[in-house]
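Where a number appears in this text, it was derived from the coordinates with a stated rule and is not lab data. Since we're looking at a predicted model, the values are computed, not measured. A quick note on method: Cβ atoms are made from the backbone with ideal geometry, for glycine too, and the neighbour counts reach across all protein chains shown.
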Amino acid sequence: MIKFIIQVFIFPIVISLSCFACDSKKDITSLAESEQSKVHFNPELKYLAKGKLYASDSVLNLAMHKKKIVSIVDGVCMKCVINDLNQADILFREITKENILAQTIYVLNVPAADSIYFLRHFEPSIDVKGIILWDEAYTFENTNDLLTTDRNRRTFLLDKNNNIKFFGHPLYNSTIIEKYKSDLSETI
């Protein structure tokens with residue numbers, strides 16, 4: 001009788017759960033494939049250098065065929081500027097130090113109404129070697145469907161064709177540092 005109950009009731013449940021696991025793996029794979037989207041650097045972005053804003057096309061042309069670590073930063077938050085720019089840049093310099101075919105790009109979200117305050121009070125605190133792109137209206141995130149509050153999804157690696165390889169911020173997820181190093185060392 002117990003064998004019969006196991007065969008009739010428990011075995012179908014185990015089979016259905018294993019099928020659910022297979023379907024979940026398919027969903028994860030398709031999700032990963034859908035995240036392999038191409039990122040576009042829209043013309044509204046400005047290049048921030050030494051307290052001044054410039055057109056970004058020339059600096060982006062220099063980085064176009066390089067792998068890129070892109071990090072989106074909230075520019076109205078002093079803690080974000082210090083942590084997500086300065087501390088992250090030190091880490092990213094270490095990750096990319098011997099790779100001349102890699103570039104770090106920070107997309108700095110600063111609403112137009114806060115621009116003067118930012119340039120006067122926050123910009124002098126910035127000490128980065130990467131490219132800083134100024135975005136006044138979240139155009140980069142909206143254009144590329146990247147708008148999120150998840151810090152790990154606001155930093156990602158692009159291949160030389162601007163396709164997203166993976167997401168993750170090494171300051172908040174230390175296990176991903178080796179993945180950045182490994183992917184940046186690959187010659188493609």
Subset of K66/K181; K52/K129; K160/K181; K67/K179; K67/K181 violating a 23 Å alpha-carbon distance limit: none
Simple label model, 7 Å out from Cα along Cβ direction - D114 to I177, nm: 2.9
Based on the Cβ-Cβ distance of S185 and Q87, what FRET efficiency does E = 1/(1 + (r/R0)^6) give at R0 = 22 Å, to the nearest 0.05? 0.45
At 0.36 nm per residue, minus the direct Cα-Cα distance, what do T149 and Y54 gain on full extension? Give it in nm, one decimal, please. 31.4 nm
